[in-house]
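The values are calculated or read from the model by the stated rules, or taken from the named source; none is laboratory data. As the structure is a prediction and not an experimental result, all values here were calculated from the model. Positions of Cβ are backbone-derived with ideal geometry, glycine not excepted, and every protein chain shown enters the neighbour counts.
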Amino acid sequence: MFEEASEVLENMLKWSLPLSLVLFLVLVCPLRAEAAHEFSVYRMQQYDLQGQTYGSRNAILNTEARTMEAEVLSRRCVMMRLADFSYEKYQKALQQSAGAVVIILPQNMSTMPQDIVQQFMELETELLATETIVPVYFALEDEELLSIYTQTQISSSSQGSSSAAEVLLHTATANGFQMVTSGAQSKAVSDWAITSLEGRLTGAGGEDLPTIVLVAHYDSFGVAPWLSYGADSNGSGVAILLELARLFSRLYSYKRTHAGYNLLFFLSGGGKFNYQGTKRWLEDNLDHTDSSLLQDNVAFVLCLDTLGNSDNLHLHVSKPPKEGNPQHVLLKELETVAAHQHPDLKFSMVHKKINLADDTLAWEHERFGIRRLPAFTLSHLESHRSPARHSIMDMRPHVDLPKLSRNTKVIAETLARVIYNLTEKVMLHYLRFSTNVDQVQEDQLESLVDWLTAQPRAAQLVDKDSSIVNTLEYYLNRYLKDVKRHLVRADKRDPEFVFYDQLKQTMNAYRVKPAIFDLLLAFCIASYLGCTVNFYFFSNKKKIPLFEKQ
Amino acid sequence: MTLFHFGNCLSLAYFPYFIAYKCSGLSEYNAFWRCVQAGATYLFVQLCKVSEPFGPHKDVSNEFMKATVDLADLLGLHLVMSRNAGKGEYKIMVAAMGWATAELIMSRCIPLWVGARGIEFDWKYIQMSFDSNISLVHYIAMAAVVWMFTRYDLPKSFRLPVTILLGLCVYKGFLMELFVHVFLLGSWMALLVKAVLTGAISLCSLFLFVTLVHSN
C-alpha cells in the first residue's frame, strides 16, 4: 500500500512541479527593484507666453549620473551643487548634449554665502531665457543625496586615470548610479484658470464718488515653480494690501471716518506672466459691462509690488502727474510723509515710458496706463528687471518685518491724507485710531507673510480650488463687500499663455555596476567552480570511495 | 547586463549541486525521483514548521525555541532515509541532495529572480549563492549525522560526539545569529564564519562516518 501511495505521489509530482515553477515565474515577473535613494525633484519652468517658448522642454530621464569633472557628458545626467554652479559649466554640459542636469540646493539657503546666492539669482533669468530640450531639475540636498554626489564625483574624476589594474580594481569596488524619473513626458495643461479676487469699500455720500484702486499680484515666479515662494515679490505686496483692507474697513465702519472715496481692492493672478489677471479684468470691466467703478471716476490706481525690505521707496510712473490731479496729490503726500515721519526712508519718483515693443510689460501699472487709467507702482526696487522679482531665493528671510511695517504705515497715512481732505479733526481721529492698532498691525503682517511663504505660489500651481485662493477670498470677505472671483482662461486658438505639467517628479537613484564587472564576476565564478570540480576529482583519486559498485 | 548578473548568481548557486549529483555517482542509480521525493518531504516539514506560532518579540529565548523546532528537519531527513533502501552513503546522498535542492529552489530562486535581475546592484545576491553552496555541505553533514545516530551498531564511544554534532547542526542558525549580534559582523565576515563552522562540522562528521564504515 505504501508503494502505491508513493507511485501516486510520484505521478502527481511529475506534473505539478514544473507547472508550479512556471506559475511562480509568471507571478513574480513584474520587476520592482528598490532604489538606493528616492527623492523629489522639481523641474525648471516650462511655459509659452504670447507664442514664445521658455524653459526646459523635456521631462523623462533614465541615464547614468556624472559630475562636471567627467570627460564624457553626453547623454548622462550631470549633477552640480549650488556652491560649484556657474553659467559656463551649465553651458558646457548643454553643449556636450548631456541627458539632464540636476542642481542640488542646500536645505537651508541661509547657510550659503551671499555672493553665491546673488550670482544664482542673476543667472536664473538667463537659464530660462535659453530654451532647452534638456530637462533641468532642482533637488534639495540631504545626506544620502550628498553621498551619491560624492561617490559620483570620485568615479567621474578618476575616469581619466591610466593603468588597467586601477581600472579593474575600480570597477569592482566603485558604484555607478542610474537616475530614473517616474512620470510621463510633459504636456500642455489644458484649460488652466488663473483666479483673481476683487472687493470694495463704498464711500460715504452717494453717487459719482471717485474711486481709488489698490492692486497687488499674489503669484510668485522662479526658475523652478515648486520652489518659488516669492516672499518679497510679491508676498509683501499682498500682505500690505490685506492690511490696508482691514484698516480701512475699520475706519469706514465709523461715520466720522467714512470718507467720500470708493476703495477697490484687487488681488491679481498671473502677475508674473505679463499681468494676465489684470489685463482680463480690465477688459471685462471696461469693454463688456455697462457700468463699473473702473469706468467712472477713477482717482488713481496704486499697485504694490515688492515692499518688504530696504530703505528705498520708488514710485514708478509712466507719465509724470500734472499739478492739480489726484495723482499729484498722492505724490506730494508721499514725499511729505516720508520726509517728516520716516527720515530713514529715501523716496523718489521713477519715470519710465510704456514700451509696447517689449515682450512683456515692466510694472503692473502699465496695464492700467494702456487703458488710460492713471496708475503708479510702489516698490523698493528701482528696476523692473531686478533679479529679486523672479528668484527662487526669495524666501521668508528676504522680508524684513519692521521695514514692511514701516512701509505699510507710510502708505496707510498717505492714503488717509488723500481721502480725508486734510481737515484737522478727521486726521486726529485717524491718528488716534491708527496708533491703537500699530502693534496688532505688525503681528498681522507677520502672520500673513509667514502663511504666504509657507507654500509655493507659482501661477501654474494655484488653480481656482487651491487653498491659497480660498483663504484669500475668506480674508477679503471679512473686511470688504462684494468680493468676487475673476477667472482667466487662455484663448483656445491663440493662447496668451500655456503652462506645462510634470513640474514635480520623483527621481530614483539605482546603484549599478559597469558591464565589465559582470564579466569579471563570471570569470571568478568559473574559476571557483573549476576548483570545486578539481577538488572533487582529487579527493576521488585519494580513494575515499563514496559508493562501491555492487 | 543584469540578466547576466542573474545568470552569474544562479550558476554560482546551482553548479555545485549539479557537480555533486553527477560526480557522486547518484545518476547511475536513477535516483532523480527519489531526490524529488526528498524535496517534497522538505516542503511538508517546512509547512509544519510554519504553522507553529510563536511570540512576536525577537529575543534570545524566542530564537532558541524557533531553532528547536528545526528538530523537525532531522525527523524529516530520517523519514526520507528510512524509506530508501540501499547502502548508507546512497541514502545520505539522496536525502541531502533532495533536501538541499528543495531549499535552493524555495528560498533562493525567487529572491534571485526578482532581485538580481533588477537595475540595482547589491552584493547580497552573490552572498546568497555562496550561502546555498554552504547549505549543501551542511545538509550532507546533517544527513550523515542523522544516519549515524540511528544506527543500532554505533559504538558507545561515538554516541557522544554524534549527539553533539547533531545538536550543532540543528542550532547552527541560532549560533550564527548570536555571533553576528554579539560581534557585529559584516555580511562577508558572517559568510566566512558560517563557511568555517559548516566546514568544521562536516569534517568531523566525515571523519566519524569513514571510521564507522571502515570499522564494519
### Query
With (1) within 14 Å of chain A (Cβ to nearest Cβ); (2) in a helix (DSSP H, G or I); (3) not hydroxyl-bearing (Ser, Thr, Tyr) as the list, and residue B:85 as the residue in question, which single condition is left unmet?
(2)
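Okay, residues lined up against (1) assigned to a helix (DSSP H, G or I); (2) facing chain A (nearest Cβ under 8 Å); (3) at pLDDT 80 or above:
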residue	(1), (2), (3)
B:5	yes, yes, yes
B:9	yes, no, yes
B:13	yes, no, yes
B:17	yes, no, yes
B:27	yes, no, no
B:33	yes, yes, no
B:36	yes, yes, yes
B:41	yes, no, yes
B:46	yes, no, yes
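Would you mind stating whether residue A:485 is more than 14 Å from chain B (Cβ to nearest Cβ), more than 18 Å from residue B:127 (Cβ to Cβ) and in a helix (DSSP H, G or I)? Before you say what the answer is, go through the steps one by one.
Working: more than 14 Å from chain B (Cβ to nearest Cβ): yes; more than 18 Å from residue B:127 (Cβ to Cβ): yes; in a helix (DSSP H, G or I): no.
For residue A:485, the condition - more than 14 Å from chain B (Cβ to nearest Cβ), more than 18 Å from residue B:127 (Cβ to Cβ) and in a helix (DSSP H, G or I) - is not met.
Can you tell me which residues in region A:381-394 are closer than 12 Å to residue A:316 by Cα and crowded, with 23+ Cβ neighbours inside 10 Å?
Kept after step one, since they are closer than 12 Å to residue A:316 by Cα, are these residues of region A:381-394: A:381-384.
Within region A:381-394, A:381 is the sole residue that qualifies.
Per-residue answers, yes or no, for (1) modelled with pLDDT of 65 or more; (2) in a helix (DSSP H, G or I):
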site	(1), (2)
A:422	no, no
A:425	no, yes
A:444	yes, yes
A:447	yes, yes
A:454	yes, no
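So, residue A:415, is that one surrounded by 16 or more Cβ atoms within 10 Å (Cβ to Cβ) and at pLDDT 90 or above or not? Walk me through how you get there before you give the answer.
Values: surrounded by 16 or more Cβ atoms within 10 Å (Cβ to Cβ): yes; at pLDDT 90 or above: no.
The answer is no for residue A:415.
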### Task
Kindly establish whether residue B:163 is farther than 30 Å from residue A:519 by Cβ and modelled with pLDDT of 80 or more.
yes
## Note on the structure
The correct count of residues that are modelled with pLDDT of 85 or more and of a type in the set (Val, Ile, Thr) in region B:194-216 is 3
## Note on the structure
In region A:216-243, residues that are touching a Lys or Arg at 6+ places or on another chain (Cβ under 9 Å) and part of a strand (DSSP E or B) total 2
#### Entry: Condition met for residue A:236 (buried (at least 23 other Cβ atoms within 10 Å of the Cβ) and among the polar types (S, T, N, Q))
yes
### Members of region B:114-152 that are more than 9 Å from chain A (Cβ to nearest Cβ), closer than 30 Å to residue A:62 by Cα and basic (Lys, Arg)
B:124
### Message
Here is a check on your reading of the model: is residue A:184 within 27 Å of the chain's Cα centre (by Cα), surrounded by fewer than 20 Cβ atoms within 10 Å (Cβ to Cβ), at pLDDT below 85 and of a type in the set (A, V, I, L, M, F, W, C)?
### Response
yes
### Query
Restricting the first residue to region A:146-167 and requiring it to be within 17 Å of residue A:76 (Cβ to Cβ), which pairs with a second residue that is in a helix (DSSP H, G or I) and modelled with pLDDT under 70 meet a Cβ separation below 8 Å and a spacing of at least six or different chains?
A:155/A:170; A:158/A:170
### Message
Give me the strands (runs of 3 or more DSSP E) completely within region A:47-87, filtered to those with at least 1 residues that are at pLDDT below 80 and crowded, with 16+ Cβ neighbours inside 10 Å, ordered by residue number.
### Response
A:52-55
### Message
Looking only at region A:355-388, how many residues end up being at pLDDT below 90 and either among the β-branched types (Val, Ile, Thr) or in a strand (DSSP E or B) (or both)?
### Response
1
### Query
What is the one condition in (1) buried (at least 20 other Cβ atoms within 10 Å of the Cβ); (2) in a helix (DSSP H, G or I) that residue A:92 does not satisfy?
(1)
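Just for region A:503-517: of the residues that are within 13 Å of chain B (Cβ to nearest Cβ) and aliphatic (A, V, I, L, M), which one is surrounded by the most Cβ atoms within 10 Å (Cβ to Cβ)?
The first filter runs over region A:503-517 and keeps only residues within 13 Å of chain B (Cβ to nearest Cβ), leaving A:508-517.
Of the ones still in play, those that are also aliphatic (A, V, I, L, M) are A:509, A:512, A:515-516.
Details: A:509: 24, A:512: 20, A:515: 11, A:516: 14.
Step by step, filter region A:503-517, then rank; the result is A:509.
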### Message
Please go through (1) surrounded by fewer than 22 Cβ atoms within 10 Å (Cβ to Cβ); (2) away from chain A (no Cβ under 13 Å); (3) not hydrophobic (A, V, I, L, M, F, W, C) for residue B:76 and return the number of the only condition it doesn't satisfy.
### Response
(1)
### Message
Contact list please: Cβ distance under 7 Å, first residue in region B:131-154 and farther than 16 Å from residue B:24 by Cα and touching a residue at least 40 places away in the same chain (Cβ under 8 Å), second residue of a type in the set (Phe, Trp, Tyr) and crowded, with 18+ Cβ neighbours inside 10 Å, pairs at least six apart or on different chains.
### Response
B:148/B:209
